[in-house]
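The values are calculated or read from the model by the stated rules, or taken from the named source; none is laboratory data. From a predicted model like this one, the values you see are computed outputs, not experimental measurements. Note: ideal-geometry Cβ built from the backbone for every residue, glycine included; neighbour counts use all protein chains shown. Note: accessible area is taken over every heavy atom of the protein model, side chains too, but ligands, DNA and RNA are not part of it. Shrake-Rupley method; radii C 1.70, N 1.55, O 1.52, S 1.80 Å.
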Amino acid sequence: MPAKRGLITDTFKVVKRARTRDQKPPSPPESEPEIPVISERERDLQELKTFDLDWHFGPCIGISRLQRWERAALHGLDPPREIKELLQSNEDDPEYTQCLWRDYPL
């Protein structure tokens, strides 16, 4: 008679672990995300960038922002009044007066 082959489970002792609920360590309290503080200059430049990217007022390459604003007003496109005030209050700063693509050659 052939030798009886046993199961692998017959060779090793079965160890059952006690069931425990998955207890995860307590997570740290969620902190509120800090709102980045934006300076007035950064906010102004962001508004001017938005004005540059709005093609409703026509192309902006090769002319100053104020010239573009005046051209848009002349054609009745109703550009934002705040932009003109912003440009007139900072006439000496090229970051304010020149368009976003001033550093790129035509």
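The table for this structure:
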item: Test for T9: is it part of a helix (DSSP H, G or I), surrounded by 11 or more Cβ atoms within 10 Å (Cβ to Cβ) and free of Cβ contacts under 8 Å to residues at least 12 places away in the same chain; result: no
item: Number of the exception - N90 against (1) touching a Phe, Trp or Tyr at 6+ places or on another chain (Cβ under 8 Å); (2) more than 21 Å from R102 (Cβ to Cβ); (3) of a type in the set (S, T, N, Q); result: (2)
item: Which numbered condition D93 fails, given (1) open to solvent by 80 Å² or more (accessible area, probe 1.4 Å); (2) over 25 Å from the mean Cα position of the chain (by Cα); (3) of a type in the set (D, E, K, R); result: (1)
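Table: residues versus (1) open to solvent by less than 60 Å² (accessible area, probe 1.4 Å); (2) within 28 Å of the chain's Cα centre (by Cα); (3) free of Cβ contacts under 8 Å to residues at least 24 places away in the same chain.
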{"residue": "E40", "(1), (2), (3)": "no, yes, yes"}
{"residue": "E47", "(1), (2), (3)": "no, yes, no"}
{"residue": "F51", "(1), (2), (3)": "yes, yes, no"}
{"residue": "H56", "(1), (2), (3)": "no, yes, yes"}
{"residue": "P59", "(1), (2), (3)": "no, yes, yes"}
{"residue": "R65", "(1), (2), (3)": "yes, yes, no"}
{"residue": "E70", "(1), (2), (3)": "no, no, yes"}
{"residue": "A73", "(1), (2), (3)": "yes, no, yes"}
{"residue": "L77", "(1), (2), (3)": "yes, no, yes"}
